Amino acid sequence: MDSAPAPDKSAAGPTAPAPRIAAEGLVRRFGPRTVLDGVGFAIPAGQVTCLLGPSGCGKSTTLRILAGVDVQDAGTIRADGRLIAGGGTFLPPEARGIGLMFQDFALFPHLSVADNVAFGLPRQAEGRARRVDELLERVSLKGFGPKYPHELSGGEQQRVALARALAPRPRVLLMDEPFSGLDERLRDGIRDDTLALLKEAGTAVLLVTHEPHEAMRMADEILLMRNGRIVQRGAPYNLYNAPVDRNAAAFFSDVNLLTARVRGALAETPFGAFLVPGVPDGAEVEIVIRPQHIRIDFDRDGRGPAPTPEQGTAARAIVERARFLGRESLIEFRLADGGACLKATVPNVFLPKPGTTMWLMVRRDRCLIFPRV
Ligand code: ADP
Ligand code: MG
């Protein structure tokens, strides 16, 4: 294999700089199993991209191939427009200018914090000690240099690992579930601090996570992955509000599902008919409703609120259970007509008694309609 690739000018446009890291058509097979099936993306400098998907979908495999510790069966990887893997080229990990940060941090236990951070810097480099101090200060660990990893909390160790990964100023940083070992309570703060530092460094970041909350919080762009493929990509807002299918919708929050058979381009539901243009008669559709898009109204002598174009018809429902979750309350209903269960959330405290009759309406502009799978 060629380990000294020539710059490939065709990949860089005349004006826009080439992405810091780009993959195209990555395929990886383990025996009979195709674990990556045509994965591609491009990450420019200063952007945080999250590779999000359930366990086993191929996220870590993607990262390992980018890092050069595994090799793809097909597809290419370019860094700043230069081919680094694929098509007969293979640049070894240490020649890729890619930083790594994995789940267990793996600080060297026998090295001090300062030596851990300095690990990736050339031994004789001028300003080595200065760079270490600067980074420790930046991750709020000023003065921690002489300590050893076992003297630090989990959050402090994570910050040392981040400082170590950033010390050689990598052009690309790959992070595999970097916050998963941390206390839930600390996580959001550490995520925000990490994000600020990454933005400041201008690094292109690919962060792997199976937690939608983490991806929403960290990402400029999310790559939603399933069974070795990227099924949707875009800003967090787009993935949440315009998911490609029911499973993509359900990945980001609890959802309510209503199934309806189509007749005359209409899907009849307990909330009235939904227009489904182009769907043939007899086909089934699924209507996905997030719990916060259900409106709850009180019963007035057996009558509910009048239908509106925005919210359709109200459906009568009986409270099954109501729980206070802190920022919101979760109320579970059973529809009087048909018996389907629906979950609704409302801000603050709302705890109607089980058995209470109420009326539900849905925000039609927020309902998502998909062919039934
Ligand atoms: P994720 O990080 O999304 O949880 P991985 O990329 O680690 O998933 O793994 C994807 C799939 O590939 C899993 O089913 C895993 O068992 C399989 N796999 C990963 N590495 C190997 C390997 N070296 N040999 C065989 N199967 C592997
Ligand atoms: Mg993994």
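The values are calculated or read from the model by the stated rules, or taken from the named source; none is laboratory data. All of these numbers come straight from a predicted model, not from anything done at the bench. Cβ sites come from the backbone with ideal geometry, for glycine too, and all protein chains shown count toward neighbours. Side chains are part of the model used for accessible areas, which takes the heavy atoms of the whole protein and leaves out ligands, DNA and RNA. Shrake-Rupley method; radii C 1.70, N 1.55, O 1.52, S 1.80 Å.
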**Study point:** Lone unmet requirement of (1) open to solvent by 50 Å² or more (accessible area, probe 1.4 Å); (2) in contact with a Pro (Cβ under 7 Å, 6 or more places away or on another chain); (3) within 16 Å of ligand 1 (Cβ to nearest atom) for residue 222
**Key:** (1)
Practice item. Test residue 153 against the stated conditions and say whether it is within 16 Å of ligand 1 (Cβ to nearest atom) and open to solvent by 30 Å² or more (accessible area, probe 1.4 Å). Key: no
Study note, to complete from the structure: Over region 192-205, the set of residues farther than 15 Å from residue 179 by Cβ and either of a type in the set (S, T, N, Q) or within 16 Å of ligand 1 (Cβ to nearest atom) (or both) is 203
Point to revise | Test set (1) open to solvent by less than 20 Å² (accessible area, probe 1.4 Å); (2) closer than 20 Å to residue 99 by Cβ; (3) not in a strand (DSSP E or B) - residue 45 fails condition number | key: (1)
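Residues checked against (1) closer than 21 Å to residue 173 by Cβ; (2) within 15 Å of ligand 1 (Cβ to nearest atom); (3) under 22 Å from the mean Cα position of the chain (by Cα):
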site	(1), (2), (3)
15	no, no, no
18	yes, no, no
22	yes, no, yes
27	no, yes, yes
30	no, yes, no
36	yes, yes, yes
45	yes, no, yes
53	yes, yes, yes
62	yes, yes, yes
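Results for (1) of a type in the set (A, V, I, L, M, F, W, C); (2) within 17 Å of residue 58 (Cα to Cα); (3) within 16 Å of ligand 2 (Cβ to nearest atom), shown as yes or no for each residue.
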{"position": "198", "(1), (2), (3)": "yes, no, no"}
{"position": "203", "(1), (2), (3)": "no, no, no"}
{"position": "211", "(1), (2), (3)": "no, yes, yes"}
{"position": "215", "(1), (2), (3)": "yes, yes, yes"}
{"position": "220", "(1), (2), (3)": "no, no, no"}
{"position": "226", "(1), (2), (3)": "no, yes, yes"}
{"position": "232", "(1), (2), (3)": "no, yes, no"}
{"position": "239", "(1), (2), (3)": "yes, no, no"}
{"position": "246", "(1), (2), (3)": "no, no, no"}
**Study point:** Filter result for the condition that a residue is farther than 28 Å from residue 279 by Cβ and open to solvent by 30 Å² or more (accessible area, probe 1.4 Å), over 299, 365, 337
**Key:** 299
Check your understanding: So which of 123, 64, 128 is within 16 Å of ligand 2 (Cβ to nearest atom), free of Cβ contacts under 8 Å to residues at least 40 places away in the same chain and not β-branched (Val, Ile, Thr)?
Key -> 64
**Study point:** residue 73, sole failed condition from (1) more than 16 Å from ligand 2 (Cβ to nearest atom); (2) at pLDDT 95 or above; (3) among the charged types (D, E, K, R); (4) open to solvent by less than 50 Å² (accessible area, probe 1.4 Å)
**Key:** (4)
Practice item. Hand me the list of strands (runs of 3 or more DSSP E) wholly inside region 183-276 holding 1 or more residues that are closer than 25 Å to residue 24 by Cα and aliphatic (A, V, I, L, M). Key: 204-209, 221-226, 229-234
Exercise for review: State yes or no: is residue 123 under 22 Å from residue 100 (Cβ atoms), assigned by TED's automatic domain parsing to the domain that holds residue 182 and open to solvent by 30 Å² or more (accessible area, probe 1.4 Å)?
Suggested key: yes
Review point. Restricting to region 340-362, what's the tally of residues that are part of a strand (DSSP E or B) and open to solvent by 50 Å² or more (accessible area, probe 1.4 Å)?
Key: 3
**Study point:** The lone exception for residue 201 - which of (1) in contact with a Gly (Cβ under 9 Å, 6 or more places away or on another chain); (2) hydrophobic (A, V, I, L, M, F, W, C); (3) within 19 Å of residue 214 (Cα to Cα) it fails
**Key:** (3)
Study note, to complete from the structure: Pairs returned, first residue in region 77-104 that is over 21 Å from residue 168 (Cα atoms), second residue that is open to solvent by 70 Å² or more (accessible area, probe 1.4 Å) and of a type in the set (A, V, I, L, M, F, W, C), beta-carbon separation under 6 angstrom, 6 or more apart or interchain, are 90/1
Check your understanding: For region 76-103, what are the residues that are open to solvent by 50 Å² or more (accessible area, probe 1.4 Å) and aliphatic (A, V, I, L, M)?
Key -> 95, 100
Point to revise | Checking residue 261 against (1) assigned by TED's automatic domain parsing to the domain that holds residue 53; (2) of a type outside the set (Val, Ile, Thr); (3) out of contact with any Pro (no Cβ under 9 Å at 6 or more places or on another chain), the condition it does not meet | key: (1)
